[in-house]
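S.K.: Here you go, one structure.
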Amino acid sequence: MLSEQIFRNLCKGLAAALCVFSMHSVAKDAFELVGVSTSAGEKQSYVAQEGDIKLPVTVINGLAEGPVLLLAAGTHGDEFPAMFALQKLAQELNPQELKGTVVIIHLANLDGFHAHRLALNPKDEKNLNREFPGSKTGTATEQIAELLTREFISRIDFFIDMHSGSSNQKLLDHVYSPFVGDKKLDEMTFKFAKATGMKHIIMYGDRPRDPNNSISFPNTAMTRGKPALTTEIGHLGQRDNASIDYALTVARNALYFLAMVPGKAEPNEEVIIYKTIDYVNSEFDGFFTPLVTIGDSVKKGTVVGQVTDYFGNPVQTLQSASVGTVLMINETPPVKSGESAVAIGVVK
């Protein structure tokens, strides 16, 4: 293991804040991941396999020392823009010029992807982003979460879990900047979020702070002292080029911010920060009709949608309880009692 003085010397030239990554993860001669070794200066794309779990990954191990960045797509198998963006990023990165290591998970939920499932894994009907840190002896999804925690989260320094809206969700592009009560970690995570260049940043402190009950993929990193973001880019189960290109830009900005490739991350000059999200829920099963759209400003009491029964009779008028911006709407008619039909970002 590197001595602290040597590690500090390696950090010279980076902003001081970026030297938060652990000494063990400075790029070495080889990067080990799920039994596969990638030498410094090499790039490998392969299907990492353990038992019945298969994960398409690319490891780009730079020649020079630097942080280890994990970028993941397909935590929900029906969210496509990031999948295509990370394919492009993997192809364009040159390990001979990279500082540090980039680990790309192209599809974290391979079974859900091939089954065309909205968020869930068909093997156990579970949402991968609710099963961390997982269990090696648990259900299929719990085993994936355990492998991702053990083999991936343990080896990285920064993480972006890249999502989009499912086929029923219309979303305004945004990034979650979580906080867990560790001042330095929370500040670094917020700087990381701003460096993505995304305009809408949600401060998110609702996840458990117990690493043994971390629930989500990025929160598993946060509860282990590693800055982690969730991006939401694209919606309605689409694979449009604009969303793919934007997800690729965000990934590149992360590399600029960490000084892994030449370039400078430029925060959005019109950034809007939200202190929380208010969800407007239906109290009935039936049909939902939105009366606002993403990006709309609302006040307390603004009518945002209507629920009708199966015969077309109005049963509920949905209203905003906050002042803020509409970030998500359920664009398709089906709605269940207790389901969120509209999400409103409450401006900080």
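The values are calculated or read from the model by the stated rules, or taken from the named source; none is laboratory data. Everything quoted here is computed from the prediction, not taken from an experiment. Don't worry about glycine lacking a Cβ; one is built from the backbone with ideal geometry, like all the others, and counts go over all protein chains shown.
For (1) among the acidic types (Asp, Glu); (2) out of contact with any His (no Cβ under 9 Å at 6 or more places or on another chain), each residue gets a yes or a no:
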| residue | (1), (2) |
| --- | --- |
| 187 | yes, yes |
| 191 | no, yes |
| 196 | no, yes |
| 199 | no, no |
| 203 | no, yes |
| 208 | no, yes |
| 216 | no, yes |
| 219 | no, yes |
| 226 | no, yes |
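S.K.: Still on this structure, I have one more. Restricting to the range 177-218, name every residue that is of a type in the set (S, T, N, Q) and closer than 24 Å to residue 246 by Cβ.
M.R.: So the first thing to find is which residues in the range 177-218 are of a type in the set (S, T, N, Q), and the list is 177, 189, 196, 212-214, 216.
Of everything in the range 177-218, those that are of a type in the set (S, T, N, Q) and closer than 24 Å to residue 246 by Cβ turn out to be 177, 189, 196, 216.
S.K.: Residue 142: modelled with pLDDT of 95 or more, surrounded by fewer than 21 Cβ atoms within 10 Å (Cβ to Cβ) and in the same structural domain as residue 202 (by TED's automatic domain parsing), yes or no?
M.R.: Working: modelled with pLDDT of 95 or more: yes; surrounded by fewer than 21 Cβ atoms within 10 Å (Cβ to Cβ): yes; in the same structural domain as residue 202 (by TED's automatic domain parsing): yes.
When the stated conditions are applied, residue 142 passes them.
S.K.: Residues that are of a type in the set (S, T, N, Q), surrounded by 19 or more Cβ atoms within 10 Å (Cβ to Cβ), touching a Lys or Arg at 6+ places or on another chain (Cβ under 9 Å) and modelled with pLDDT of 95 or more: does the range 52-75 have at least one? Walk me through it before giving the result.
M.R.: Taking the range 52-75 as the starting set, the residues that turn out to be of a type in the set (S, T, N, Q) are 58, 61, 75.
The next check asks that each one be surrounded by 19 or more Cβ atoms within 10 Å (Cβ to Cβ); those that pass are 58, 61, 75.
Pick out the ones that are also touching a Lys or Arg at 6+ places or on another chain (Cβ under 9 Å) and you get 58, 61.
So of that shortlist, the ones also modelled with pLDDT of 95 or more come out as 58, 61.
Looking through the range 52-75, at least one residue is of a type in the set (S, T, N, Q), surrounded by 19 or more Cβ atoms within 10 Å (Cβ to Cβ), touching a Lys or Arg at 6+ places or on another chain (Cβ under 9 Å) and modelled with pLDDT of 95 or more.
S.K.: Then there's this: Being at pLDDT 95 or above, over 20 Å from residue 266 (Cα atoms) and of a type in the set (Lys, Arg) is the requirement here; does residue 194 meet it? Give the steps one after another, and end with the answer.
M.R.: Values: at pLDDT 95 or above: yes; over 20 Å from residue 266 (Cα atoms): no; of a type in the set (Lys, Arg): yes.
No; evaluated as a whole, the condition is false for this residue.
S.K.: Residue by residue through the range 190-200, note down the ones that are closer than 13 Å to residue 258 by Cβ and buried (at least 18 other Cβ atoms within 10 Å of the Cβ). It would help to see each step written out before you state the result.
M.R.: Pass one, the range 190-200, residues closer than 13 Å to residue 258 by Cβ: 191-192, 195-196.
Listed by number, the residues that qualify are 192, 195, 196.
S.K.: Let me ask something additional. For the range 212-220, check the following and say yes or no: at least one residue is buried (at least 20 other Cβ atoms within 10 Å of the Cβ), small (Gly, Ala, Ser) and in contact with a Gly (Cβ under 7 Å, 6 or more places away or on another chain). Step through it out loud before you land on a result.
M.R.: Of the range 212-220, the ones buried (at least 20 other Cβ atoms within 10 Å of the Cβ) are 214, 216-220.
Narrowing further to those that are small (Gly, Ala, Ser): 214, 216.
Among the residues that remain, those that are also in contact with a Gly (Cβ under 7 Å, 6 or more places away or on another chain) are: none.
No, because not a single residue in the range 212-220 is buried (at least 20 other Cβ atoms within 10 Å of the Cβ), small (Gly, Ala, Ser) and in contact with a Gly (Cβ under 7 Å, 6 or more places away or on another chain).
S.K.: Between 249, 223, which is among the hydroxyl-bearing types (Ser, Thr, Tyr), surrounded by 24 or more Cβ atoms within 10 Å (Cβ to Cβ) and within 24 Å of residue 190 (Cβ to Cβ)? Steps first, please.
M.R.: On the way: 249 fails: surrounded by 24 or more Cβ atoms within 10 Å (Cβ to Cβ).
Exactly one residue qualifies, and that residue is 223.
S.K.: Oh, and also: Looking at (1) surrounded by fewer than 22 Cβ atoms within 10 Å (Cβ to Cβ); (2) at pLDDT 95 or above; (3) more than 24 Å from residue 71 (Cα to Cα), which is the only condition residue 288 fails?
M.R.: (1)
S.K.: Mind checking which strands (runs of 3 or more DSSP E) fall wholly inside the range 152-244 and carry at least 1 residues that are of a type in the set (D, E, K, R) and in the same structural domain as residue 73 (by TED's automatic domain parsing)? If you could, list the steps in order and put the result at the bottom.
M.R.: Working: elements: 158-163, 169-171, 174-178, 200-204, 228-232.
Passing ranges, in order: 158-163, 169-171, 228-232.
S.K.: Could you tell me whether residue 268 is surrounded by fewer than 16 Cβ atoms within 10 Å (Cβ to Cβ) and outside the structural domain of residue 63 (by TED's automatic domain parsing)? Before the answer, list the steps.
M.R.: On the way: surrounded by fewer than 16 Cβ atoms within 10 Å (Cβ to Cβ): yes; outside the structural domain of residue 63 (by TED's automatic domain parsing): yes.
Spelling it out, residue 268 is indeed surrounded by fewer than 16 Cβ atoms within 10 Å (Cβ to Cβ) and outside the structural domain of residue 63 (by TED's automatic domain parsing).
S.K.: Say whether the condition of being without any contact (Cβ under 8 Å) to a residue 24 or more places away in the chain and surrounded by fewer than 19 Cβ atoms within 10 Å (Cβ to Cβ) is met by at least one residue in the range 99-122.
M.R.: Taking every residue of the range 99-122 in turn, at least one turns out to be without any contact (Cβ under 8 Å) to a residue 24 or more places away in the chain and surrounded by fewer than 19 Cβ atoms within 10 Å (Cβ to Cβ).
S.K.: Another question, then. How many residues are within 21 Å of residue 86 (Cβ to Cβ), in contact with a Lys or Arg (Cβ under 9 Å, 6 or more places away or on another chain) and of a type outside the set (A, V, I, L, M, F, W, C) if we restrict to the range 113-153?
M.R.: Residues meeting the conditions: 1.
S.K.: Right, something else. Among the listed residues 325, 293, identify the single one that is loosely packed, with under 15 Cβ neighbours inside 10 Å, polar (S, T, N, Q) and in contact (Cβ under 8 Å) with a residue 12 or more places away in the chain. Working first, answer last.
M.R.: Values: 325 fails: loosely packed, with under 15 Cβ neighbours inside 10 Å.
Just one listed residue meets the conditions, 293.
S.K.: Pick out, from the range 275-335, the strands (runs of 3 or more DSSP E) lying fully within it that include 1 or more residues that are in contact with a Pro (Cβ under 8 Å, 6 or more places away or on another chain). It would help to see each step written out before you state the result.
M.R.: Values: elements: 286-290, 303-308, 314-319, 324-330.
Of the strands (runs of 3 or more DSSP E) lying wholly inside the range 275-335, those with at least 1 residues that are in contact with a Pro (Cβ under 8 Å, 6 or more places away or on another chain) span 286-290, 303-308, 324-330.
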